[in-house]
Every structure is written in C-alpha cells, then in structure tokens.
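Worksheet: the structure to be examined is printed underneath.
The values are calculated or read from the model by the stated rules, or taken from the named source; none is laboratory data. As the structure is a prediction and not an experimental result, all values here were calculated from the model. Quick reminder, even Gly has a Cβ in these numbers, built from the backbone with ideal geometry, and neighbours come from all protein chains shown. Just the protein is used for accessible areas: all its heavy atoms, side chains included, with ligands, DNA and RNA removed. Shrake-Rupley method; radii C 1.70, N 1.55, O 1.52, S 1.80 Å.
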Amino acid sequence: MADYTWADRDDWQAAWQPLIDAIGTDLDEGAEVVGADEIELSAIRRYLEPLEFDCPLHYDDAVARAHGYPGVIAPYSGLATWTTQAISWLPGDPPVYVSDGRNDYPPLRSARLKRPGPDTNAGFATDVECEFHRPFVVGDRLRLEGRRLLSVLPKETSVGRGAFYTVEVTVLNQHDAVVATQTSTSYSYVARARHGKDSKDAG
Amino acid sequence: MPADWSQQRHWAEIEVGQQIPSLDFPLTIHRLVVHAGANLDFAPMHHNPEVARAHGAPDVYANNVFVQGMWERAVREFIGLAGVIKKIGPLRMTSFALAGTTARVTGQVARKWRRDAEHFVEFTMESTAADVVTARGAIVATLPA
C-alpha cells in the first residue's frame, strides 16, 4: 500500500533524502531496459500519422538508401517509442487487469523501475535533451543502459509536492553501438486532488 | 499542404535569424489518443480528462514526445532530406499543451558553424497554444554545404 502521508508533513522535503543520496549512481544498478519491439515500418507509420509527417526517409526505403541510410530510418523524436517496454503485461506475467473501475489503470512496466524516495501518485516529464550519434533504422532493437541520476530538487508546485529529478541514459542498438545519449527531467509528486487515493505514478 | 521534398536547402544559404515556416497542430482528444497508441505512452493525463484533472492539469495534454515530433517535422521540412538531425533539446515543457487548443510551432536559426566536414545549424524552437508558451528549446542539425 502506497504511503503519501509524507506530503502532509512540514519537513516533507526530507522524504526525498534517499533519492538525493543516490545522485551519481545508476538507478537500475546495471540492469538494461530493452525496448519491447524491433523498430518496424508499421510502427513508424503509426507514429507519423498524428503528426501528419510525410518525410519519405521514414517510409520509402529507396529514398532512405539514396540518402546514405541502410534503410528506412525512424523519426529521431520517437526515441522513447522505440525504447518503451511492454505497457503493462508480457507473456508469463500475472494478470494486471484485475479491477473494473472506469479509471483504474494497471501498473506500468516502466513504473517498476526502481527509484529510492517516497511514494508518489503522479508525474510528468519537464525537460529532455537527446544527442543522436547514428540513425535508428527498421529492424533495430534499442535498449537503455545506465540510468544515472544527475540531480534531485524537492519542490512544491501548483499541482502538488514532489521532486524534479534528472537522469542520463545511453541508448544502444542490437549491435552494441551507441545511437543516442539522453538527459531527461521528471517531476514526481503527490497530486493535491488525488491525495489519499491509491494510484500508481503514471507520469 | 504536403512538404516539397524535391527542394534541398544548403548550409551556405542559411542566415542567422532566419525563420523557419511555422506549423499548426490542432490538438484534439482523438489526436492525442492516436499519438498515445503510436508512442506507447499511456500515462492517463495524455488521454483521460478525469485523471488529468485529478493530477492537477486542466485537461489532457500532449506529451513531450509529441512536442518533439512537432518540432522535428518543422525542422525536417526546412532542412530537407539531406539534412541530419543531431540533437533535440534542451526542450523544456513550460505549460500544458491542452486538447482543445492549437499548438503552433515556430523556430529560427540561432547560429551556424562548421566542424570538420560537417555544417551545423542550431534552431531555437518554441511551441505555443492559446497564446501560452508550452515548450521552448532547440534542435541542432547538419545540412549539405
């Protein structure tokens, strides 16, 4: 059972000390996070659709090769798509859809990534910076390595009490080549409006 | 209007301060849901208004990957097929890009430089919706000389 009572205390910032103490360490302790799927043409097409993004490098193999790529390349902005694990369930997992509340959500597999510090029930990304070292192409299977914690800033905002924290990851392909390095900041918090309800941090 | 991919800009013709064509993205719940399905980000604040409000947002809003995608399209249509995107960011989400608004993406050339055989351009980027800046940042790309 999650405990959000820390957010009510006068010294609520102290609850984040375990995460502050982890600055400089790999939050995944050496474990790799492998994308659920290879990069596929159909997945790229679905990514392009809501953007109405018709660059042929992302769907026309001949055009991509004519520009020096080994095949169709994925949009760079979609890096998080190609490194996402299964949303909530994989073969072998126990059932995750175990209640029928209209707004119930199964735990996200990404939320299983360990993070020291207090329980939170909400979160969102605030900053991202990604440097690309090579394109990622159809057939690539990407993975994240080394979720190194760079900084932690406990802060109360209009949506609740929580902390901004920044991590740096390296993204590799199936050939162990580094395709990107990414730094991202998230704000995890106890939402004022939800305080007292038990829900997963789904930021 | 589809982009004209037969045109190719070159680094030599780019000027610091030059604006890139702006793009508008009307944000509907349908569009956010289609994007969530493609991007695999099923965090409820991006598709479920009740949960988004419970988390403190006024409504469902575009995630940072959608913002990156809007910026990438705007820059790609400017740099053409021979351009190469080297870096997205730093990108800061400054406010919620809410369903029911139109996200406008603008950008301009901040600087250009050469390193070895590569010719770089940095674009400063901004997203606004309902007259509110929702994201600011930069993209770095290379172009043919």
Legend entry - Cross-link partners of B:K86 among aspartates and glutamates (Cα-Cα below 13 Å; sequence separation of 8 or more within a chain): A:E129, A:E131, B:E72, B:E118, B:E122
Inset, instruction - Within segment A:37-116, report the trypsin sites (Lys or Arg not before Pro) that DSSP leaves as loop and that have at most 13 other Cβ atoms within 10 Å. - result: A:R102, A:K114
Inset, instruction - Per DSSP H run of at least 4 residues, take -39500 (n - 2.57); add these up for the protein assembly as shown, divide by its residues and hand me the 222 nm value, nearest 500 deg cm²/dmol. - result: -4500 deg cm²/dmol
Inset, instruction - Relative to the longest principal axis of the C-alpha atoms of chain B, give the angle of the C-alpha long axis of helix B:64-79, reported between 0 and 90° and rounded to the nearest 10°. - result: 30 degrees
Inset, instruction - Ignore the peptide's own chain and count Cβ atoms of other chains within 10 Å of each Cβ in A:63-73; give me the average, rounded. - result: 1
Legend entry - Per-residue HN-Hα couplings for segment A:140-156 [Karplus 6.51, -1.76, 1.60; θ = phi - 60°; Hz; x = Gly/Pro]: 5, 10, 9, 8, 9, 9, x, 7, 7, 7, 9, 7, 9, 9, x, 7, 8
Inset, instruction - Give, ordered by residue number, each residue of segment B:18-32 whose 1.4 Å probe accessible area is reduced by a minimum of 50 Å² on adding the remaining protein chains to the chain alone. - result: B:R31
Legend entry - Buried on assembly, segment B:81-129 (at least 20 Å² less accessible surface than by itself, 1.4 Å probe): B:L81, B:V84, B:I85, B:K86, B:K87, B:I88, B:P90, B:L91, B:R92, B:M93, B:F96
Inset, instruction - Name the residues whose placed amide hydrogens come within less than 5 Å of the amide hydrogen of A:L27, ignoring near sequence neighbours (fewer than 5 apart) on the same chain. - result: A:R147, A:R148, A:L149
Inset, instruction - Identify, among A:P118, A:A163, A:Y4, the residue whose Cα sits farthest towards the positive end of the charge dipole of chain A, taking +1 on the Cβ of Lys and Arg and -1 on the Cβ of Asp and Glu, with the dipole about the Cα centre. - result: A:Y4
Legend entry - Long pairs among B:K87/B:K112; A:K114/A:K155; A:K155/B:K87, criterion Cα-Cα beyond 24 Å: A:K155/B:K87
Inset, instruction - In a Gaussian network model over chain A where Cα atoms closer than 10 Å are linked, find which of A:L19, A:L48, A:L149 has the largest mean-square fluctuation. - result: A:L48
Legend entry - Prolate/oblate/rounded call for segment A:79-164, Cα gyration tensor, a/c under 1.5 rounded: oblate
Inset, instruction - Specify the angular offset, from 0 to 90 degrees and rounded to the nearest 10, of the alpha carbon long axis of helix B:29-39 from the longest principal axis of the alpha carbons in chain B. - result: 60 degrees
Inset, instruction - Quick one: pull the percent of accessible area on the protein assembly as shown belonging to carbon and sulfur, 1.4 Å probe, ligands and nucleic acids left out. - result: 51 percent
Inset, instruction - Identify the residues of segment B:66-92 with backbone N under 19 Å of a label point that sits 7 angstrom from the Cα of B:R111 along the Cα-to-Cβ direction, or state none. - result: B:85-92
Inset, instruction - With everything on Cα atoms, drop me the angle between helix A:41-51 and the longest principal axis of chain A, reported from 0 to 90° to the nearest 10. - result: 60 degrees
